[in-house]
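First comes the structure, then the notes that go with it.
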Number of protein chains: 2
Amino acid sequence: MSSVTTATNTRELAHPARDEIRLECVLHALSDPMRMRVVRALATTEDELSCSHFVLPVTKSTTTHHFRVLREAGVIEQVYRGTAKMNGLRRADLDALFPGLLDNILDAARREAGRLGDDA
Amino acid sequence: MSSVTTATNTRELAHPARDEIRLECVLHALSDPMRMRVVRALATTEDELSCSHFVLPVTKSTTTHHFRVLREAGVIEQVYRGTAKMNGLRRADLDALFPGLLDNILDAARREAGRLGDDA
DNA sequence: CCCGTACTACGAGAGCTATCGTACGAAGCG
DNA sequence: CGCTTCGTACGATAGCTCTCGTAGTACGGG
């Protein structure tokens, strides 16, 4: 009972607090196709998804970079769970700051994907 | 009645057609503080505003650059009227492609401005 | 026809960004 | 203890972007 902290706390990741999230950073984070893809995938489920769950047409180091941009913008939350790093949308924070914005952007992305004949 | 075209058509500006507008370009265009400022000002009125109406803390050539980014992303429409260049939001096109998105982002920007104690 | 106003074009520089490859650290499994 | 899997750190590079200054074009007024 001294300092164990449940074994999933070993590596901590820096996240912006809710009131440190900036609209411009969020929009910038979502203005990249790879990152939009990640966010759209995260939005389809309640579960957290591991980084390796995503198959992006870039290398792993580039993927790491994109996840960091999303985390530092306040769009996603990341926690280590064993060797995996789980990712989840920060819905509650984003909805509190910008009501409806996330869903609206996701809807816009869905429309555009449909319009351009993309799958997903 | 042959080829006059009403004297305001001399210098034509390239705009993307409605279905050439890309969500990612729109988000990117709005992820810059200067450009967000311009769009927020345009949203407050029905009128078109001249470039010189905006007082931004950058030089005029930089201002020109930002207006071009907004135009090429499909966010604004620009027409020459005499020596002035008038700017208007492409509300109809954006609403058709991404219903509610523009208003939602503008609302988010307003909230953030309030939260951070900005004026406007 | 000259001048002022409004905006542009071009060149340049500083800084960011997306991408990669290689090498490394952390957790779990046998 | 090794091996594997997952993700990171670091360095490098090409390209974009925000910014500026200077020089130039278009339009309208006297």
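The values are calculated or read from the model by the stated rules, or taken from the named source; none is laboratory data. All figures in this text were calculated on a predicted structure; none of them were measured in a lab. Don't worry about glycine lacking a Cβ; one is built from the backbone with ideal geometry, like all the others, and counts go over all protein chains shown. Side chains are part of the model used for accessible areas, which takes the heavy atoms of the whole protein and leaves out ligands, DNA and RNA. Shrake-Rupley method; radii C 1.70, N 1.55, O 1.52, S 1.80 Å.
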query: Under a straight-distance cross-link criterion of Cα-Cα below 19 Å, which lysines are reachable from residue A:85, leaving out those fewer than 8 residues away in the same chain?
result: A:60
- line: With only helices counted (DSSP H, runs n ≥ 4, each -39500 (n - 2.57)), the per-residue ellipticity at 222 nm for chain B, to the nearest 500, works out to -14000 deg cm²/dmol
Computed accessible area, residue B:85, all protein chains, 1.4 angstrom probe, square angstrom: 40 Å²
- request: Tell me the distances, shortest first, between residue B:88 and the same position across the other copies, using label points 7 Å along Cα→Cβ, in nm to one decimal.
  value: 4.7
- prompt: Hey, got the dipole for the protein assembly as shown? About the Cα centre, +1 on K and R Cβ, -1 on D and E Cβ, debye to the nearest 20?
  reply: 580 debye
message: Residue by residue through segment A:30-45, what is 3J(HN,Hα) from phi via Karplus (6.51 cos²θ - 1.76 cosθ + 1.60, θ = phi - 60°)? Round to whole Hz and write x for glycine and proline.
response: 7, 8, 10, x, 4, 5, 4, 4, 4, 5, 5, 5, 5, 6, 7, 9
Chain pair B, A: total accessible area buried, heavy atoms, 1.4 Å probe, Å²: 2200 Å²
Solvent-free Debye scattering, log10 I(q)/I(0), computed from the Cα coordinates of segment A:43-120 at q = 0.13, 0.18, 0.21 Å⁻¹: -0.48, -0.90, -1.15
query: Taking the Cβ of residue A:29 as the center, what net charge do the other residues with Cβ under 12 Å away carry, scoring Lys and Arg +1 and Asp and Glu -1?
result: +1
query: Taking the label point as lying 7 angstrom from Cα along the Cα-to-Cβ axis, what are the distances from residue B:52 to the corresponding position in the remaining copies, in ascending order and in nanometres?
result: 6.3
- line: Between residue A:79 and residue B:80, Cβ-based FRET efficiency (R0 35 Å, step 0.05) works out to 0.05
query: Put a point 7 Å out from Cα along the line to Cβ at residue A:113; what are the distances to that point in the other copies, in nm, shortest first?
result: 3.3
- prompt: In degrees, nearest 10, range 0 to 90: what is the angle between the Cα axis of helix B:101-115 and the longest Cα principal axis of chain B?
  reply: 50 degrees
- request: Please list the non-local residues whose amide H lies under 5 Å from the amide H of residue B:50, H modeled 1.01 Å from N, same-chain partners needing a gap of 5 or more.
  value: B:87
statement: To the nearest 10 degrees, the tilt of helix B:60-73 (Cα long axis) against the first principal axis of the alpha carbons of chain B is 90 degrees
statement: Rounded to the nearest 10 Å², the accessible area of residue A:54 using a 1.4 Å probe with every protein chain kept is 30 Å²
